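Asker: Take a look at this one; I'll ask things after.
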Amino acid sequence: MKWNDPGRDAYLQMRERATQNERAFQGQNAPKERKPWRDRAYGRLKGKVTVQAMNIIIGVVIALIVLVVIIGVVSQ
């Protein structure tokens, strides 16, 4: 098969249009309401991790980053 096969390109375009029409007919093409970035990032943790635990995790990560930077500066 050639990389510039016009028959294949036409077939793929036809399938794409058919898929779009099918979704539009079923109502799946409607824009969905997008959640805020905080809900998308941390929404799955709700009810599983307490606020105190998240604060501890953030503090440990910041401390590790500072430690790595200090070690990098000292080792040069």
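Asker: In segment 35-51, how many residues are among the β-branched types (Val, Ile, Thr) and open to solvent by less than 100 Å² (accessible area, probe 1.4 Å)?
Answerer: 2
Asker: Can I ask one more? Since residue 31 meets every condition but one in (1) open to solvent by 90 Å² or more (accessible area, probe 1.4 Å); (2) within 27 Å of the chain's Cα centre (by Cα); (3) at pLDDT 90 or above, which condition does it not meet?
Answerer: It is condition (3) that residue 31 fails.
The values are calculated or read from the model by the stated rules, or taken from the named source; none is laboratory data. The model shown is predicted, which means the values in this text are computed figures rather than measured ones. Each accessible area value is taken on the protein alone, full model and side chains, heavy atoms only, with ligands, DNA and RNA left out. Shrake-Rupley method; radii C 1.70, N 1.55, O 1.52, S 1.80 Å.
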